Amino acid sequence: MSDILLLEQSEHGIATVTLNRPEVMNALNSALREALVQLLQQLAKDSRVRVLVLRGANQTFCAGLDLKELSTHGLPPSGPHNDPVAALVAMPCPTIAAVQGVAVTGGLELALACDMVLASSSARFADTHVRMGVLPGWGLSQKLSRLVGQARAMELSMSGNFMGAAQAERWGLVNRCVPDDTLDEQTFALAKDIATAPPEMAQAYKRLIGDGYKLPMGEALVLEQQRSQAWARQLSAASLSDSSSAVRLRARQQD
């Protein structure tokens, strides 16, 4: 494992990937992008991985593309070998971004490529594509408006201003804004909750949400019905009874 990426795997099926270039706020140079794609592709094939957590070293998530490298070599062509956003989207298991410090431009795109985003209260977000004179190529121009609405996406992207975590939560950019000293605890508590669900069920539901989100509502509802009926055909009364008992027990434990 390259030292620009750290990997921890727990007995719960949680794989934690840490961007590890703290001297440049975990900026994405060519080597880090390619290493991250390779690692994500490996983890996608690992049946033991039930949840992926993406974070940054030294209390910073990611400052975006490496500006020093860009000023020397220009903007490299993006493809399957160096597009970490595509690799994140392709992960079969649920993914969580744990954001501390800054998530700027490419770093923001990385965070939003995850299925869920938890942010520490001091985290800050920005889209500086306009300021840099670069059009996004990892989906931000389309995803941001679908998350927060067109007018708010315009404000964030056209101004290039930084947004605090509390406002990001109000706008729906992140799932939760949590105290700085509880981010790891809350992230891994959520990851453990997800990891206890049947992995084949979590992955099938993730695919259904993702595939349906790309469609108009009417077509998405048809897709849901088709997959629901196909899934139901493989279920038995005994398996449903076992699942029902497990759900009731978990509900009592959460009272």
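The values are calculated or read from the model by the stated rules, or taken from the named source; none is laboratory data. Treat the numbers as computed from the prediction; the structure is a model and nothing was measured. Reconstructed Cβ throughout: ideal geometry from the backbone, glycine too, with neighbour counts over all protein chains shown. What goes into the accessible areas is simple: the full protein's heavy atoms, side chains included, and nothing from ligands, DNA or RNA. Shrake-Rupley method; radii C 1.70, N 1.55, O 1.52, S 1.80 Å.
Suppose we filter 225, 234 for residues that are open to solvent by 60 Å² or more (accessible area, probe 1.4 Å), more than 25 Å from residue 10 (Cβ to Cβ), in a helix (DSSP H, G or I) and out of contact with any strand residue (DSSP E or B) (no Cβ under 8 Å at 6 or more places or on another chain); which single one remains? Answer to the selection: 225.
Yes/no matrix, rows are residues, columns are (1) among the polar types (S, T, N, Q); (2) under 22 Å from residue 169 (Cα atoms); (3) open to solvent by less than 40 Å² (accessible area, probe 1.4 Å); (4) free of Cβ contacts under 8 Å to residues at least 12 places away in the same chain:
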position: 81; (1), (2), (3), (4): no, no, no, no
position: 100; (1), (2), (3), (4): yes, yes, yes, no
position: 106; (1), (2), (3), (4): no, yes, yes, no
position: 112; (1), (2), (3), (4): no, yes, yes, no
position: 115; (1), (2), (3), (4): no, yes, no, no
position: 121; (1), (2), (3), (4): yes, yes, no, no
position: 131; (1), (2), (3), (4): no, no, no, no
position: 134; (1), (2), (3), (4): no, no, no, no
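Apart from one condition, residue 89 fits all of (1) surrounded by fewer than 22 Cβ atoms within 10 Å (Cβ to Cβ); (2) modelled with pLDDT of 95 or more; (3) over 19 Å from residue 127 (Cβ atoms); the exception is (3).
No other residue among 155, 169 is open to solvent by 50 Å² or more (accessible area, probe 1.4 Å), part of a helix (DSSP H, G or I) and free of Cβ contacts under 8 Å to residues at least 40 places away in the same chain apart from 155.
How about the stretch 172-190: which of its residues are open to solvent by 40 Å² or more (accessible area, probe 1.4 Å) and without any contact (Cβ under 8 Å) to a residue 60 or more places away in the chain? Give the derivation first.
As a first pass, look at the stretch 172-190 and keep what is open to solvent by 40 Å² or more (accessible area, probe 1.4 Å): 175-176, 179-181, 184-186, 188-189.
If the condition is that a residue be open to solvent by 40 Å² or more (accessible area, probe 1.4 Å) and without any contact (Cβ under 8 Å) to a residue 60 or more places away in the chain, then 175, 176, 179, 181, 185, 189 are the ones that fit.
Where helices (runs of 4 or more DSSP H) fall wholly inside the stretch 23-102, the ranges with 3 or more residues that are touching a strand residue (DSSP E or B) at 6+ places or on another chain (Cβ under 7 Å) are 30-44.
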